[in-house]
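All remarks here apply to the structure that follows.
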Amino acid sequence: MTKKEILVLAIGFTGQFLFFMRFFIQWIYSERRKKSMIPTAFWYLSIAGSLVLLIYAILRRDIVFIAGQAFGILIYLRNLYFISKEKTHHT
């Protein structure tokens, strides 16, 4: 395996790890509150994971994966916008 292939795999696994962490954080957050909730960190980890996986998809030249990750980022950003908007209306 070449150094480039190892680097690409490392990028892919990093993105997958970030994506996993968003679910882990959401699970712990919900367990502590004893109800299903999504913390703001979930959306930040979603963006980070998506961006890293998008880089991985581009390096692999996988158009299906590229489209999926690029679209997801827009949804995660929109959710952060709603959270920000809600916080400014409550202060």
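The values are calculated or read from the model by the stated rules, or taken from the named source; none is laboratory data. Predicted, not measured: the structure shown is a model, and the values here were computed from it. Note: ideal-geometry Cβ built from the backbone for every residue, glycine included; neighbour counts use all protein chains shown. SASA here: full protein model, heavy atoms, side chains in, ligands and nucleic acids out. Shrake-Rupley method; radii C 1.70, N 1.55, O 1.52, S 1.80 Å.
When each of the peptides 61-71, 36-46, 1-11 is scored by how many other beta carbons lie within 10 Å of its residues on average, the order from highest to lowest is 36-46, 61-71, 1-11. Using 0.36 nm per residue and subtracting the Cα-Cα separation, the extra length available between PHE13 and SER36 on full extension is 5.5 nm.
Taking the protein heavy atoms of the chain in the context of the full set of protein chains, the accessible area attributed to carbon and sulfur is 68 percent at 1.4 Å.
Across the chain, the relative contact order, built from alpha-carbon pairs under 8 Å that are at least six residues apart, equals 29 percent. Stokes-Einstein diffusion for segment 18-69, with the hydrodynamic radius set to the Kirkwood value over Cα pairs and evaluated at 10 °C in a medium of 1.306 mPa s, equals 134 µm²/s. Placing +1 on the Cβ of every Lys and Arg and -1 on the Cβ of every Asp and Glu, with no other charges, gives the chain a dipole of roughly 220 debye about its Cα centre.
About its Cα centre, segment 1-47 has a charge dipole of approximately 200 debye under the convention of +1 per Lys or Arg Cβ and -1 per Asp or Glu Cβ, with nothing else charged.
Spin-label pair PHE71-LYS87: with each label point 7 Å from Cα along the Cα-Cβ axis, the two points sit 2.9 nm from one another. Per residue of the chain, the DSSP helices (runs of n ≥ 4 H) give a summed -39500 (n - 2.57) that works out to -31000 deg cm²/dmol at 222 nm. One way to sum up the overall shape of the chain is the equivalent ellipsoid from its Cα gyration tensor, whose semi-axes run 30, 16, 9 Å, largest first. Pair-distance distribution P(r) for segment 1-44, from all Cα-Cα distances in 10 Å bins starting at 0: 28, 34, 20, 14, 4 percent.
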